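Undergrad: Handing you a structure now.
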Amino acid sequence: MPVSALSILDPNALDDYCDLRSVPKHRHFGKNDIVDRLRLAVPFDYISISGLDVDHYRFGQGFSIDTDMPPAFLDAYDADRLYLTDPFVLAAKASNVIVVESEVYAETPPPQRLVYLQRTFGLHNRTLIPILRNDVIYGAICFSRSTPFDEKELIFLSLVAESIHTAVTKPLMDRFAAHQLRLSKGEIACLTQASLGLTSEAIAVATGYQNDTVNSYIKSAVEKIGATNRTQAIAEAIRRRLIA
């Protein structure tokens, strides 16, 4: 892989990286306040937060994973290329609903090597909750525990999954999302002013741009974000934390 010890939630953790591609793609964290607080509500052994709401970094592509799963397990898993034959992973990539390991294994038994690694490292009952924007799965959270999660626990984890995903990935999104989406400073400035309810004329006064320039920046931002109009672009920019 390899797995980096970088925790993006640590202060100044991203100072040495110039862009999103330079950040280690698989990151292992130790003690984490957000994760520890979640464990108080629903106990679990391990957690994995994967995917970003950015093209080419979404769940299923393996480009962004923060986890406290044992690094030795992940190294062995990767070295044996088990991601190609792991029924749970294959099912998760094809689903937009909760995926439970035991249900998947009941239909497709796992490779014996995977069974051995899971027993060795105590990683059982993986349960994955996808994170969606409209119909697009951009992230997921995977929990594992020695005992299966019950229905009430799954309902709670589903309710908080997006918030946990947002909290953990926020440092990356705050620093690199605008660059990754290739929004210019002018586009961000105009969208920010538009989010305050200003007209193009008022935005021109606030930013110092010509009125035609403002309209051009907003139009290009709408296209880049994949929105259909200014209002939707503002909502998406706020949701993706491109603007405050």
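Undergrad: Which distance in nm do the two modelled labels at residue 199 and residue 155 give, with both placed 7 Å along the Cα-to-Cβ direction?
TA: So the label points at residue 199 and residue 155 sit 5.0 nm apart.
Undergrad: Specify which residue in the list 206, 243, 24 is farthest towards the positive end of the charge dipole of the chain, using unit charges on the beta carbon of Lys, Arg (+1) and Asp, Glu (-1), about the Cα centre.
TA: So the residue furthest toward the plus end is 206.
Undergrad: Right, here's the next one. Find how much the distance from residue 170 to residue 18 grows on full extension, using 0.36 nm per residue of separation minus their present alpha carbon separation; answer in nm with one decimal. Intermediate results must be reported in sequence, preceding the final value.
TA: Details: separation 152, 0.36 × 152 = 54.72 nm, distance 1.66 nm.
My answer for the length gained is 53.1 nm.
Undergrad: With Cβ to Cβ distances under 14 Å as the rule, what net charge do the other residues near residue 219 carry (K, R +1; D, E -1)? Please report the intermediate quantities before stating the final value.
TA: Working: positive: 224, 230; negative: 187, 212, 223.
Neighbour charge sum, excluding residue 219 itself: -1.
Undergrad: Continuing with the same structure: Report the gain in length on full extension from residue 4 to residue 136: 0.36 nm times residue separation, minus Cα-Cα distance, nm rounded to one decimal. Walk me through the numbers on the way to the answer.
TA: Working: separation 132, 0.36 × 132 = 47.52 nm, distance 2.79 nm.
Gain in length upon complete extension: 44.7 nm.
Undergrad: Still on this model: Once the dipole of the chain is set up with Lys and Arg at +1 and Asp and Glu at -1 on Cβ about the Cα centre, which of 144, 172, 154 lies farthest towards its positive end?
TA: About the Cα centre, the residue reaching furthest to the positive side is 172.
Undergrad: Same structure again: In whole percent, and with a 1.4 Å probe on the protein chains, what portion of the accessible area of the range 1-117 is carbon and sulfur? Please report the intermediate quantities before stating the final value.
TA: Numbers: 3280 of 6110 Å².
C and S fraction of accessible area: 54 percent.
Undergrad: A follow-up question, please. From Cα coordinates alone, what are the radius of gyration and Dmax values for the range 71-180 in angstrom?
TA: Final numbers for Rg and Dmax: 15.2, 44 Å.
Undergrad: Between rounded, prolate and oblate, where does the range 53-120 land on the alpha carbon gyration tensor, with a ≥ b ≥ c its root eigenvalues, rounded for a/c under 1.5, else prolate if a/b exceeds b/c? Can you show the working numbers first?
TA: On the way: a/c = 1.96, a/b = 1.17, b/c = 1.68.
It comes out oblate by the Cα gyration axes.
Undergrad: Here's another thing I want to ask about it. Under the Kirkwood approximation applied to all pairs of distinct alpha-carbon atoms, what is the hydrodynamic radius of the range 185-240 in Å? Numbers along the way, then the final one.
TA: Values: mean 1/r = 0.0933 Å⁻¹.
After inverting the pairwise mean of 1/r, the radius is 10.7 Å.
Undergrad: For the range 1-134, what is the convex hull volume of the alpha-carbon atoms per residue, in Å³? Before the final figure, lay out each step's value.
TA: On the way: hull volume 17.1 nm³, N = 134.
Spread over its residues, the Cα hull of the range 1-134 gives 128 Å³ apiece.
Undergrad: Right, next: Just the accessible area per residue of the range 100-244, please: how many Å² with a 1.4 Å probe? Each step should come with its number before you reach the end.
TA: Details: 7530 Å² over 145 residues.
Counting only protein heavy atoms, the per-residue value for the range 100-244 is 52 Å².
Undergrad: With +1 on each Lys and Arg Cβ and -1 on each Asp and Glu Cβ, and nothing else charged, work out how big the dipole of the chain is about its Cα centre, in Debye to the nearest 20.
TA: Values: 25 positive and 29 negative charges, 55 e Å.
Roughly 260 debye, rounded to the nearest 20.
Undergrad: So what is the relative contact order for the range 185-240, in percent, with contacts set as C-alpha pairs under 8 Å and at least six apart?
TA: Dividing the mean separation by the residue count of the range 185-240 yields 33 percent.
Undergrad: Another question about this same structure. When the helices in the chain are scored as -39500 (n - 2.57) per DSSP H run of 4 or longer and the sum is shared across all residues, what 222 nm value do you end up with, to the nearest 500 deg cm²/dmol?
TA: On the way: 10 runs with 107 residues, N = 244.
Computed mean residue ellipticity for the chain: -13000 deg cm²/dmol.
The values are calculated or read from the model by the stated rules, or taken from the named source; none is laboratory data. Computed from a predicted structure; not experimentally measured. Note: ideal-geometry Cβ built from the backbone for every residue, glycine included; neighbour counts use all protein chains shown. For the accessible areas, the whole protein counts, side chains as well, though only heavy atoms, and no ligand, DNA or RNA atoms are used. Shrake-Rupley method; radii C 1.70, N 1.55, O 1.52, S 1.80 Å.
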